[in-house]
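Novice: Handing you this structure, nothing more for now.
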Amino acid sequence: MPETVFEVDTDAPPDEQPDPIVNRWHPDIPPAATVEPGEKFRMEFLDWTGGQVNNDDSANDIRDMELDPNHHLSGPIAVEGAEPGDMLVVDVLDLGPFPDHEWGFTGIFDLENGGGFLTDHFPEARKTIWDLNGVITESRHIEDVRFPGCAHPGLLGTAPSHELLEEWNERERALIERGPDAETAVNHETREDVPPLALPPEPNGVLLGGMDDDEAEDAAEEAARTIPPRENAGNCDIKNLGRGSRVYLPVYVDGGKITTGDLHFSQGDGEITFCGAIEMAGWMDLQVDVMKNGMEKMNADYPLFKPGYMDPDFSSYVVFEGYSVDEDGTQHYKNANVGMRRACLNAIDYMTNFGYTREQGYFILSTAPVESRLAGVVDLPNTCVTVSVPQEIFEFDIDPDTLEDGSGADDRGEVAKTS
Ligand code: ZN
């Protein structure tokens with residue numbers, strides 16, 4: 001078994017872990033460990049919320065979640081000999097939940113605390129718990145659905161340089177200051193009603209690994225949030241980055257300093273509920289090589305991904321279409337987000353034909369291996385988005401040709417609500 005270079009304890013709070021948790025990007029966070037190129041190593045992970053969600057039937061924990069301290073990540077791991085301009089070649093060898101922790105969760109966040117992609121339609125906190133049985137998962141909160149997961153890290157990346165960090169902060173601050181334009185604000189009464197467009201550095205709840213307190217106080221004011229993906233990969237949420245995947249990460253600081261986590265047992269394209277995958281605590285085995293001058297060799301100042309071969313193998317899909325016209329009939333200009341929303345809402349409506357609640361439909365789209373595509377981006381004024389739902393994940397037939405009257409009355413259970 002590979003040596004464990006980062007350990008966690010799922011029974012302890014995030015600030016009392018065997019190795020110190022990280023929840024921001026900053027170049028000066030000291031490495032928790034250093035590995036040799038080519039060496040296999042194991043890392044352990046809290047779930048992205050740092051253990052704020054329980055295996056129970058109440059969504060109060062989702063409603064009341066503290067969001068500032070997320071994501072709870074493991075690292076940084078330095079790679080011996082890596083220097084700025086190199087590429088790290090990261091192999092995802094294996095990953096899974098802890099043997100005594102074989103469950104995961106998915107949340108719909110309250111409109112007032114986090115929200116989500118369809119938050120106008122699903123404003124209240126909800127939760128589903130998933131049992132993880134080998135590669136198969138099912139949920140007591142959504143009956144008659146069962147599927148294999150392609151477990152993957154939702155987030156992995158290298159540390160930014162000071163210059164890159166400054167660039168991130170400047171451009172995101174400029175967006176926040178610019179505020180919503182007419183297109184962004186179209187479904188709101190006034191532009192002031194639109195939530196902030198980005199998340200600036202937030203010292204509240206900051207965890208900077210093993211950085212000493214004096215230094216950490218200043219660093220907390222500039223360390224970047226881990227929510228968006230950026231030039232270091234970061235929170236890319238690519239659902240196919242399972243076992244056998246290879247990721248090329250640009251190196252911006254000595255050692256590269258890999259930080260990773262946010263393990264997902266499975267996710268649909270888009271991770272639409274926001275806490276949208278089957279989130280889990282667990283472990284991952286990695287192997288990292290250094291490609292010297294890799295950024296110049298590949299002519300790339302961005303990460304590259306080669307997903308593995310372990311995707312679930314489905315053959316039949318029901319495909320839903322959405323385009324850039326929103327629910328009240330407003331025509332948008334080539335807006336892919338609106339197209340995605342409409343495709344998802346259509347898929348959710350369709351699932352109610354079989355007795356699922358709309359909330360269950362939302363959870364299924366977010367967690368099962370659902371494929372989404374930009375089908376067309378050139379046909380003025382509508383961008384066409386498709387959402388493809390695999391038929392084989394259901395224990396009954398969802399084929400439109402076999403739809404019968406009255407099947408909408410079937411009871412498929414209920415998701416966890418707040419009290
Ligand atoms: Zn996640």
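Novice: If eta is 1.002 mPa s and T is 20 °C, what Stokes-Einstein diffusion coefficient results for region 29-80, Kirkwood Rh from Cα pairs, in µm²/s?
Specialist: The calculation lands on 159 µm²/s.
Novice: Tell me the GluC sites (Glu not before Pro) within region 328-412 that lie in a loop according to DSSP and have at most 16 other beta-carbon atoms within 10 Å.
Specialist: Those that pass, being in a loop and sparsely packed, are 395, 404.
Novice: Over the chain, what is the relative contact order in percent, taking alpha-carbon pairs closer than 8 angstrom and at least six residues apart?
Specialist: It rounds to 24 percent for the chain.
Novice: At 222 nm, what value in deg cm²/dmol follows for the chain if DSSP H runs of at least 4 each add -39500 (n - 2.57) and the sum is divided by all its residues, to the nearest 500?
Specialist: Using -39500 (n - 2.57) per qualifying helix, the result is -4500 deg cm²/dmol.
Novice: Loop-only check: which GluC sites (Glu not before Pro) in region 72-138 are DSSP coil with at most 11 other Cβ within 10 angstrom?
Specialist: Here the GluC sites (Glu not before Pro) that fit, given the DSSP loop and packing criteria, are 112.
Novice: When a footprinting reagent is the concern and you count Cβ atoms within 10 Å, what order do 184, 226 take, fewest first?
Specialist: Fewest to most other Cβ atoms nearby, the residues stand as 184, 226.
Novice: Now for a separate question. Which whole-number percentage describes the relative contact order of region 1-130, with Cα contacts under 8 Å and a sequence gap of 6 or more?
Specialist: About 26 percent, as a whole number.
Novice: Using 1/(1 + (r/R0)^6) with R0 = 22 angstrom and r between the beta carbons of residue 327 and residue 184, what's the FRET efficiency to the nearest 0.05?
Specialist: With a Förster radius of 22 Å, E is 0.85.
Novice: Sticking with the crude label model, points 7 Å out along Cα→Cβ, report the distance from residue 375 to residue 198 in nm, one decimal please.
Specialist: That separation, rounded to one decimal, is 3.4 nm.
Novice: Normalized C-alpha radius of gyration of region 158-209, against 2.2 N^0.38 Å?
Specialist: It is 1.46.
Novice: Provide the gained length on full extension for the span residue 112 to residue 68, in nm with one decimal, where the gain is 0.36 nm per separating residue minus the Cα-Cα distance.
Specialist: Contour length minus the Cα-Cα distance gives 14.4 nm.
Novice: So, one more: Could you let me know the centre-to-centre spacing of region 1-55 and region 95-153, using Cα atoms, in angstrom?
Specialist: 22 Å
Novice: Over 30 Å between Cα atoms, which of 239/334; 127/257; 40/127; 40/239; 127/239; 257/297 qualify?
Specialist: From 239/334; 127/257; 40/127; 40/239; 127/239; 257/297, over 30 Å: 127/257; 40/127.
Novice: Where Rh is the Kirkwood radius over the Cα pairs of the chain, the temperature 20 °C and the viscosity 1.002 mPa s, what D in µm²/s does Stokes-Einstein return?
Specialist: 97 µm²/s
Novice: While we're here: Just add up the charged neighbours of residue 268: K/R +1, D/E -1, any other residue whose Cβ is under 11 Å from the Cβ of residue 268.
Specialist: -3
Novice: Taking just the C-alpha trace of region 317-408, give me its Rg and Dmax in Å.
Specialist: 13.8, 40
Taken together, the values in this text are just the output of simple stated rules run on the coordinates, not laboratory data. Just so it is clear, the model here is predicted, and its values are computed rather than measured. Note that we place each Cβ from the backbone using ideal geometry, even for glycine, and neighbour counts take in every protein chain shown.
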